[in-house]
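The values are calculated or read from the model by the stated rules, or taken from the named source; none is laboratory data. This is a predicted model, so every value here is computed, not measured. Cβ coordinates were reconstructed from backbone atoms using ideal geometry, including for glycine residues, and neighbour counts include every protein chain displayed. Just so you know, the surface numbers come from the protein's heavy atoms only, side chains and all, with ligands and any DNA or RNA stripped out. Shrake-Rupley method; radii C 1.70, N 1.55, O 1.52, S 1.80 Å.
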Amino acid sequence: MHNYWVVGASWDGGNDNQDAIFVEKGIWQLGWKDGFQPKKAAEMKAGDRIAIKRMKGKGQTGIKIMHIGIIKGVNLDTNNIICTVNWIVTDLNRNISESRGCFKSVHGPFKPDLWVNKVFCL
């Protein structure tokens, strides 16, 4: 059974969006090298579903889902965690009213439920 991950793609405090580069290269890369985020990202595995989210902006609730894909592989041998991804749907800009606390880079693993269905539905 696969898991579901909601991830960020903005570096430098949210000022440098990497998602277009990730989609073009067929990857997702964690921008953090230390702390809890790399340990969480190390749980990702081939076959898991991944969605890049973006915050809506100051004072707004919820998140926007930008891209949805399937993880093909995870490279843990570098200083950064890099997933190869088959990006299935790109440039969604899907509004999700409940963020479920997805404010950092890596969130999950989520199991299927109504919220996951809203995030990942094709």
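At what distance in nm do the modelled label points of TRP115 and ASN95 sit from each other, each positioned 7 Å from its Cα along Cα→Cβ?
Result: 1.9 nm between the two label points.
With every protein chain left in place, what is the accessible area per residue of the chain in square angstrom, probe 1.4 Å? Spell out each step's value before the answer.
On the way: 6780 Å² over 122 residues.
Computed with neighbouring chains in place, this is 56 Å² per residue.
Just flag the trypsin sites (Lys or Arg not before Pro) in region 1-86 sitting in loop per DSSP whose Cβ has no more than 12 other Cβ atoms within 10 Å. Write down the numbers at each step before the final one.
Numbers: sites: LYS25, LYS33, LYS39, LYS40, LYS45, ARG49, LYS53, ARG54, LYS56, LYS58, LYS64, LYS72; in loops: LYS33, LYS45, LYS56, LYS58.
Here the trypsin sites (Lys or Arg not before Pro) that fit, given the DSSP loop and packing criteria, are LYS33, LYS58.
Pairs on different chains or at least eight residues apart, Cα atoms closer than 14 Å: how many lysine pairs in the chain fit?
12
What is region 1-68 by shape, rounded, prolate or oblate, if you read a ≥ b ≥ c off the alpha carbon gyration tensor as root eigenvalues and call it rounded for a/c under 1.5, prolate for a/b larger than b/c, and oblate otherwise?
Judged from the Cα gyration tensor, region 1-68 comes out rounded (a/c under 1.5).
Step through the residues of region 87-103 one at a time and calculate ³J(HN,Hα) from phi using the Karplus curve (6.51 cos²θ - 1.76 cosθ + 1.60, θ = phi - 60°), rounding each to whole Hz and writing x for Gly and Pro.
In residue order, the calculated couplings are 6, 7, 10, 10, 6, 6, 6, 7, 7, 10, 5, 9, 7, 6, x, 7, 10 Hz.
Got a sec? What order do LEU92, LEU122 fall in by accessible area at 1.4 Å, biggest, i.e. largest, first?
Accessible-area ranking of LEU92, LEU122, largest first: LEU122, LEU92.
Carbon and sulfur together cover what percent of the accessible area of the chain at a 1.4 Å probe radius? Don't skip to the end; give the middle numbers.
Details: 3390 of 6780 Å².
Roughly 50 percent, rounded to a whole number.
Across every pair of different alpha-carbon atoms, what Kirkwood hydrodynamic radius in Å does the chain reach?
Over the chain, the inverse of the mean reciprocal pair distance is 14.2 Å.
With every protein chain in place, what's the accessible area of THR84 (1.4 Å probe, Å², nearest 10)?
60 Å²
Assuming 1.306 mPa s and 10 °C, estimate D for region 49-99 with Stokes-Einstein, Rh taken as the Kirkwood radius over Cα pairs, in µm²/s.
Details: Rh = 12.2 Å.
Once the numbers are plugged in, D ends up at 130 µm²/s.
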